[in-house]
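Below is one structure, written out as structure tokens; comments come after it.
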Amino acid sequence: MGLGLFTAAWLAGVIAVAPLTTPGGRAQITEFSFSGVTIASTVIFAMVNGAFEEVFLLGVLVRGLRGYGLSIAIGVPLLVRVLYHLYQGPLGAVWVLAFGLTFTFFYIRSSRLWPAVFAHTLWDIVPVVIAGF
């Protein structure tokens, strides 16, 4: 289920940023250096980060704000998610918004938190692996 959610979030991000990119070029959300990063440190960081973000944003905020209406329960956690990813620039913010919407809708429909944690963990590992060690 987490792998499917990862794929859905990735597709949502591609669709969301597609109109904002140049026709022939790749949009660079931000540039990171992965020098000195090991696969072990990447996996540990990804597990902690994915668990923290999704437990806080979905498990605490979405669930806690449900009593104020669905729009508040969706909107406030999405705003928080996008605000602390603004360092990734405008395209990164759009990508994170699509990613967050996908995760939030999944969580609201299923009430299952751990597939989102797993998908987010993959999301933090895959770019480092693609960039190479």
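The values are calculated or read from the model by the stated rules, or taken from the named source; none is laboratory data. Note that the structure is predicted; figures quoted are calculated from it, not measured. Quick reminder, even Gly has a Cβ in these numbers, built from the backbone with ideal geometry, and neighbours come from all protein chains shown.
Please verify whether residue 119 is of a type outside the set (S, T, N, Q), in contact (Cβ under 8 Å) with a residue 12 or more places away in the chain and over 16 Å from residue 6 (Cα atoms), treating the condition exactly as stated.
Values: of a type outside the set (S, T, N, Q): yes; in contact (Cβ under 8 Å) with a residue 12 or more places away in the chain: yes; over 16 Å from residue 6 (Cα atoms): no.
Criteria not met by residue 119.
Based on this model, can you work out whether residue 128 counts as in contact (Cβ under 8 Å) with a residue 40 or more places away in the chain and within 12 Å of the chain's Cα centre (by Cα)? So that I can check it myself, show each step before the final result.
Values: in contact (Cβ under 8 Å) with a residue 40 or more places away in the chain: yes; within 12 Å of the chain's Cα centre (by Cα): no.
Answer is no for this residue.
Would it be correct to say that residue 48 is surrounded by 15 or more Cβ atoms within 10 Å (Cβ to Cβ) and either of a type in the set (D, E, K, R) or at pLDDT 95 or above (or both)? Break it down stepwise before answering.
Working: surrounded by 15 or more Cβ atoms within 10 Å (Cβ to Cβ): no; either of a type in the set (D, E, K, R) or at pLDDT 95 or above (or both): yes.
Considered against the rule, which asks whether it is surrounded by 15 or more Cβ atoms within 10 Å (Cβ to Cβ) and either of a type in the set (D, E, K, R) or at pLDDT 95 or above (or both), residue 48 comes out as no.
In this structure, does residue 111 turn out to be farther than 21 Å from residue 1 by Cβ and of a type in the set (Ser, Thr, Tyr)?
Numbers: farther than 21 Å from residue 1 by Cβ: no; of a type in the set (Ser, Thr, Tyr): yes.
When the stated conditions are applied, residue 111 does not pass them.
Please specify each residue of segment 40-86 satisfying the condition of being more than 18 Å from residue 102 (Cα to Cα) and aromatic (Phe, Trp, Tyr).
45, 68
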